[in-house]
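The values are calculated or read from the model by the stated rules, or taken from the named source; none is laboratory data. A quick note: this is a predicted structure, and the numbers were derived from the prediction, not measured. Positions of Cβ are generated from backbone atoms using ideal geometry, with glycine treated the same way; all protein chains shown enter the neighbour counts. Surface areas here come from the heavy atoms of the whole protein model, side chains and all, with no ligands, DNA or RNA. Shrake-Rupley method; radii C 1.70, N 1.55, O 1.52, S 1.80 Å.
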Amino acid sequence: EGALASTLGTTVYSPQGSALLAQSLAELLRSQAKEVVPPRYKLVCHVLLGQQGQQSLLVASQALWDPESDSFASATFSNASLFAVATVHGVYFE
């Protein structure tokens, strides 16, 4: 949540710049997660950016994994111009 808030704080939504922004956020989240996740985990980062408006959005995911060792973290952020949903999945790799 902190990474989203500090990066997107007062950012104004731009359709042309959103792809690059989402990619850089995913890389930032992956690098921060690598610092606290044991080395045998593979990380999958997914960032969704959109323009703030009168729309509704539901984000869901499904995966085949071991509930004993695999997990995920998700965070949301919004300001007057945009919203972001970020999810990081950690999958144990033997």
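Are any of the residues in the range 68-76 closer than 23 Å to SER14 by Cβ and under 11 Å from the mean Cα position of the chain (by Cα)?
Checked the range 68-76: at least one residue is closer than 23 Å to SER14 by Cβ and under 11 Å from the mean Cα position of the chain (by Cα).
Taking the stated definitions as given, is THR76 open to solvent by 70 Å² or more (accessible area, probe 1.4 Å), among the polar types (S, T, N, Q), at pLDDT below 95 and not in a loop (DSSP other than H, G, I, E, B)?
yes
Among all residue pairs at least 6 apart or on different chains, which show Cβ distances below 8 Å where the first residue, located in the range 19-44, is closer than 16 Å to ALA73 by Cβ and of a type outside the set (Val, Ile, Thr) and the second is assigned to a loop (DSSP other than H, G, I, E, B) and open to solvent by 40 Å² or more (accessible area, probe 1.4 Å)?
Listed pairs, sorted by first residue: TYR41/PHE93; LYS42/PHE93; LEU43/VAL37.
If you take the residues in the range 29-48 that are out of contact with any helix residue (DSSP H, G or I) (no Cβ under 7 Å at 6 or more places or on another chain) and assigned to a helix (DSSP H, G or I), which one is surrounded by the most Cβ atoms within 10 Å (Cβ to Cβ)?
Among those that are out of contact with any helix residue (DSSP H, G or I) (no Cβ under 7 Å at 6 or more places or on another chain) and assigned to a helix (DSSP H, G or I), it is ALA33.
Quick one: would you say ALA26 is surrounded by 10 or more Cβ atoms within 10 Å (Cβ to Cβ), under 22 Å from VAL59 (Cα atoms) and either over 11 Å from the mean Cα position of the chain (by Cα) or modelled with pLDDT under 95 (or both)?
Against the criterion (surrounded by 10 or more Cβ atoms within 10 Å (Cβ to Cβ), under 22 Å from VAL59 (Cα atoms) and either over 11 Å from the mean Cα position of the chain (by Cα) or modelled with pLDDT under 95 (or both)), ALA26 does not qualify.
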